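Visitor: Take this structure first; my questions come after.
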């Protein structure tokens, strides 16, 4: 039986990948810093992340699947600080540990349109890690998703919180005209793709891990509103005004709703690709199924990190 190590096995996409690996007959070892904080209902063997221990946590692993990253840098009150720079350095330590342990293949989660020259640390950091993985010499697959949506609204933070805004605000907004695109993929499609790549013999592969439907940001508001049978005006506002509104809303719900960099990334049309997506599950069908529960509760990114 082959053994696969998965980062974030108790979290979001890592949990789905682990379940898919188990269905395919793999032995699963989870790498996590959340042991004792998040439930381990599947009973996976858990090991610490390699940057938090001197143990050779990847010893005996055939494949490593990495889902570890941070959405934004944060140093506010009430939570431990985290940053893109820290995530980059930690991930490089993970790749080094994989090489020392003789891991045969790495499947790494990146992002659509990584860019080493970008002023945005999210996309710049992802490009730096793709280069580091290539330099390691380990056979690998790089998956480039944009936005994930899951089995429940609470797992789909961006889409759920857009629905929450429709339920609670008299109007919603786009940054500028809102013609930049989004190409979400269901997390189960992503898990199946990750395991297909784990079982691949390709030397170095890059896969655009996006869904079959493409929405503009403005059309996403309209799709959600139609499915929820709500009407709200969608107002185009300057990015700076939208950011201030997100800051105010964040203060009210105790979360980081959107960062300035995330607004810039959206506006630069970085969350979709040219060509067909690989996902099978359609967001439009998912929204219809969950229309009655979408946005009933706000989904907090910071609460998931407590």
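The values are calculated or read from the model by the stated rules, or taken from the named source; none is laboratory data. Bear in mind the structure is a predicted one, so any value in this text is a computation, not a measurement. In this analysis, Cβ positions are derived from the backbone assuming ideal geometry, glycine residues included, and neighbour counts consider all displayed protein chains.
Visitor: Scan region 126-146 for residues that are touching a strand residue (DSSP E or B) at 6+ places or on another chain (Cβ under 6 Å) and assigned to a loop (DSSP other than H, G, I, E, B) and jot them down.
Guide: Within region 126-146, 138, 139, 145, 146 meet the criteria.
Visitor: Same structure again: Can you name the number of the only condition in (1) over 30 Å from residue 116 (Cα atoms); (2) in contact (Cβ under 8 Å) with a residue 60 or more places away in the chain; (3) in contact with a helix residue (DSSP H, G or I) (Cβ under 7 Å, 6 or more places away or on another chain) that residue 7 fails?
Guide: Checking residue 7 against (1) over 30 Å from residue 116 (Cα atoms); (2) in contact (Cβ under 8 Å) with a residue 60 or more places away in the chain; (3) in contact with a helix residue (DSSP H, G or I) (Cβ under 7 Å, 6 or more places away or on another chain), the one that fails is (1).
Visitor: Further, regarding this structure: Just one of the numbered conditions (1) surrounded by 14 or more Cβ atoms within 10 Å (Cβ to Cβ); (2) over 20 Å from the mean Cα position of the chain (by Cα) is not true of residue 38; which one?
Guide: It fails just one condition, (2).
Visitor: Test of understanding: among 162, 195, which residue is in the same structural domain as residue 222 (by TED's automatic domain parsing) and in a helix (DSSP H, G or I)?
Guide: Result: 162 is the single residue among 162, 195 that is in the same structural domain as residue 222 (by TED's automatic domain parsing) and in a helix (DSSP H, G or I).
Visitor: Still on this structure: Given the structure, is residue 157 under 25 Å from residue 17 (Cβ atoms), modelled with pLDDT under 95 and surrounded by 17 or more Cβ atoms within 10 Å (Cβ to Cβ)?
Guide: Taking the combined requirement at face value, the residue satisfies it.
Visitor: Residue check: is residue 46 surrounded by fewer than 23 Cβ atoms within 10 Å (Cβ to Cβ), out of contact with any helix residue (DSSP H, G or I) (no Cβ under 7 Å at 6 or more places or on another chain) and assigned by TED's automatic domain parsing to the domain that holds residue 270? Break it down into steps so the answer makes sense when it comes.
Guide: Numbers: surrounded by fewer than 23 Cβ atoms within 10 Å (Cβ to Cβ): yes; out of contact with any helix residue (DSSP H, G or I) (no Cβ under 7 Å at 6 or more places or on another chain): yes; assigned by TED's automatic domain parsing to the domain that holds residue 270: no.
Against the criterion (surrounded by fewer than 23 Cβ atoms within 10 Å (Cβ to Cβ), out of contact with any helix residue (DSSP H, G or I) (no Cβ under 7 Å at 6 or more places or on another chain) and assigned by TED's automatic domain parsing to the domain that holds residue 270), residue 46 does not qualify.
Visitor: Same structure, new question: Do the conditions hold for residue 295, that is, is it part of a helix (DSSP H, G or I) and either within 29 Å of residue 82 (Cα to Cα) or in contact (Cβ under 8 Å) with a residue 24 or more places away in the chain (or both)?
Guide: no
Visitor: Another one. Could you run through region 100-125 and say how many residues are assigned to a helix (DSSP H, G or I) and out of contact with any strand residue (DSSP E or B) (no Cβ under 9 Å at 6 or more places or on another chain)? Break it down into steps so the answer makes sense when it comes.
Guide: Filtering region 100-125 down to residues assigned to a helix (DSSP H, G or I) leaves 100-101, 121-125.
If we keep only those that are out of contact with any strand residue (DSSP E or B) (no Cβ under 9 Å at 6 or more places or on another chain) as well, we get 100, 121-125.
Residues in region 100-125 being assigned to a helix (DSSP H, G or I) and out of contact with any strand residue (DSSP E or B) (no Cβ under 9 Å at 6 or more places or on another chain): 6 in total.
Visitor: Something else now. Out of 205, 281, 218, which single residue is in a loop (DSSP other than H, G, I, E, B) and touching a residue at least 12 places away in the same chain (Cβ under 8 Å)?
Guide: 281
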